[in-house]
Amino acid sequence: MKKYAKENNIKADLYLSIESGINKLLGRWMITNIAVIEDNAEFESYGTSPSFPVPERLVQNIINTDLSQVMNEIFYKDEERHNKGGGIQLLTHDKISRIDLTEMAFIMALTKYINGDSWK
């Protein structure tokens, strides 16, 4: 994000990026959002969202394609799922959306910024 901003003459105090993916956490396959915040002084902070488990039988298919495609095969086809509440909204029966997970990851990444030098 920072590289894109600099290349396009976009000035900002903080640069934010988010990605979601499958990872092995505590010996289990999980889906997690990871947020990165970087400032102009090259200081970076990372944060993650809560993770949700992936059934072992689906792991390779998710790695080979993506979560949305696998969910389309299991539940019902929704080409816009990733632009809406995401797979987590379907899995939690509308209790948590991908926006909620993204917000939590950014809040976790902000902990180094909002607490100044005492937490850096």
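Under a straight-distance cross-link criterion of Cα-Cα below 19 Å, which aspartates and glutamates are reachable from residue 11, leaving out those fewer than 8 residues away in the same chain?
Output for residue 11: 38, 39, 42, 44.
Which whole-number percent of Cα pairs in the chain have a distance greater than 18 Å?
59 percent
So which lysines can residue 120 reach, going by Cα to Cα under 17 Å and dropping same-chain residues fewer than 8 places off?
112
Between residue 4 and residue 97, what is the label-to-label distance in nm when each label sits 7 Å out along the Cα-to-Cβ direction?
Distance between the two pseudo-spin positions: 2.1 nm.
At residue 16 and residue 43, where each label point lies 7 Å from the Cα along Cα→Cβ, what is the point-to-point distance in nanometres?
Those two pseudo-labels are separated by 1.8 nm.
Could you tally the net charge around residue 70, taking each other residue with its Cβ under 14 Å from the Cβ of residue 70, Lys/Arg +1 and Asp/Glu -1? If you can, show how the numbers build up before the last one.
Values: positive: 57, 77, 81; negative: 56, 66, 73, 78, 79.
Around residue 70, the charge tally is -2.
Please give the net charge around residue 86, taking every other residue with its beta carbon less than 14 angstrom from that of residue 86, where Lys and Arg add +1 and Asp and Glu add -1.
Around residue 86, the surrounding residues sum to -4.
Between residue 24 and residue 61, what length comes free when the chain is fully extended (0.36 nm per residue of separation minus the Cα-Cα distance, one decimal in nm)?
Working it through step by step, the gained length comes to 11.8 nm.
The numbers here are math on the coordinates, done by the rules we state, and not lab data. Just so we're clear, the structure is a prediction, and the values are computed from it rather than from any experiment. Don't worry about glycine lacking a Cβ; one is built from the backbone with ideal geometry, like all the others, and counts go over all protein chains shown.
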